[in-house]
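Have a look at the structure below before the remarks.
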Ligand code: T4K
C-alpha cells in the first residue's frame, strides 16, 4: 500500500458519513408557489387538482396509459391484490423488501417462494411451473434493483395456467426495454415513491393499470370503496395521496432527468473502478434500453479476501453506510420461515446472493471523490 492510498483510507473525523442513498430534493423556493396554491384553495386531499395533474404527468413521462396514485407503495401492492380479487396462493420472490410478501399476508394469501436466477436476481421463470398448485391464482415478481424480469416468459406461464401477474415495480421508475416502459407488463404494476427511491415524493406510490375500468375500481378501493356520497361498492382502504405530496411530485418530475443522468455517471464510474477487482461482481443490466440506476449492488465472491459481512463492517468503520439489500431473505423472517417453500434448499440462488450482496451508495449528490472513497475501501483489501 503506498502512502497516498493509506492517506485516503484512514478514517478521520473530517470524513462525512455517506449513506446508501440520499433523497434528491429540488430547491425549496421552487416548492413554495405550490404550497401557496394549496393554502389558498384549501384542497388538501381526496383527489384534488395536483393529484389529477400528477397522474397525467406521470402517465406522459412513464409512457403508460393509466395510473392511480397512492400514499405509498405498500398500500398500492395491497390494493392491487384486492383489485384483481386474488386469493389462495401467489408465487413470489424471497429476494425483495418485506413489503412484497407482506402485501400477500395482509390479503390472507399464502406466499409461495420460488428461487431467483443468478444474473438478475429476479424470479426465475424456469422454476415457476413446478410451484403452481390448484390454489395458485397469481404471480408477483419484482423488477429487483430496477432490472426487468423476463416478462415474456412469465406472461407465457401465466397465460398457460390462467394466472394474473402483478409486478412489484417499486424499483423500476422510468425503466424501459425495446418494447417501451417495463411498467406496461402484467395485469398491474406498482411503483414506490419513497424517500429512498429514484423518484421520491417523501412517501408515495402508484398502480399502473391497463384500462379505465380497472383504474376506476382501484380509485374506489383507495377511497374506502366510495363511489359517491351514499354508495360504497367495496371494503376499500384509505390509500390516497394528498395534495402536498402530489404537488411535490410535479416539481420532482421537472428535475428527474438530471437526477437520472447523474445516477448513470455514478454507475459508469463504479463499473470502471471495480471491473478489475478480484472477487467483486457488479450486477449487470437485464436488457433494459433505459436503466434508472436505482441501486448499485455488488456480490462479494469467495475469492475476495474478506467476507461480505467483514467488508460491510469495514465500510461502517469508515462512515460509509452500505446496505445488504436483500438480507435476510423474506423467507427467513419468522412469519414466513415455516412455509415449505421458504426452505433454503428450495432457494439456493437467492440464499447465496443474500449472503454476498452489498448495495453501494448511489444518489445524485454523490461526488466522484465520494465514489473513489467507497471503492478504496473495497480495493485496500486486495493489495
Ligand atoms: N416493494 C419493494 C421491492 C420495495 O423495495 C419497497 C420499499 C416496497 C415494495 C414498499 O414501498 P413503500 O411502501 O416503502 O413505498 C427502505 C425503504 O423504507 C423502503 O421504501 C424500500 N423499499 C427499502 C428497499 O428500503 P430502509 O429500512 O432501508 O430505509 P432507511 O430508513 O434505512 O433508509 C436508507 C437510507 O436512506 C438511510 O440510511 C439514509 C437515507 N434516507 C432515508 C430516509 C427514509 C434519507 O436520507 N432520508 C430519508 O428520509 O427501507
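Based on alpha-carbon atoms, the Kirkwood radius and the radius of gyration of the chain give Rg/Rh equal to 0.99. Calculate the length of the line joining the C-alpha centroid of the range 272-337 to that of the range 59-99, in whole Å. First find each Cα centre; the distance between them is then 26 Å. So what's the angle, to the nearest 10 degrees on a 0 to 90 scale, between helix 308-317 and the longest Cα principal axis of the chain? Around 80 degrees separate the two axes.
Mean residue ellipticity at 222 nm, helices only, the chain: -11000 deg cm²/dmol; runs of at least 4 DSSP H residues each add -39,500 (n - 2.57), and the sum is divided by the number of residues. Expressed in Å, the radius of gyration and Dmax of the Cα atoms of the range 248-383 are 16.8, 48.
Rounding to the nearest 10 and keeping the result within 0 to 90°, find how far the Cα-based axis of helix 368-379 lies from the longest principal axis of the chain. Once rounded, the angle reads 60 degrees.
Each residue in 65, 89 was given a count of other beta-carbon atoms within 10 angstrom of its own, and listing them fewest first yields 65, 89. Highest mean packing comes first when the peptides 274-286, 216-228, 133-145, 101-113 are listed by Cβ atoms within 10 Å, giving 133-145, 101-113, 216-228, 274-286.
Going by C-beta contacts inside 10 Å, put 198, 165 in order with the fewest on the left.
165, 198
When peptides 22-28, 91-97 are sorted by average Cβ neighbour count within 10 Å, with the highest value leading, the order is 91-97, 22-28. Against the main long axis of the alpha-carbon atoms of the chain, helix 49-62 sits at an angle near 60°.
For 90, 230, 290, the sequence from fewest to most other C-beta atoms within 10 Å is 230, 290, 90.
Taken together, the values in this text are just the output of simple stated rules run on the coordinates, not laboratory data. Everything numeric here is computed off the predicted structure, so don't read it as measured data. Positions of Cβ are generated from backbone atoms using ideal geometry, with glycine treated the same way; all protein chains shown enter the neighbour counts.
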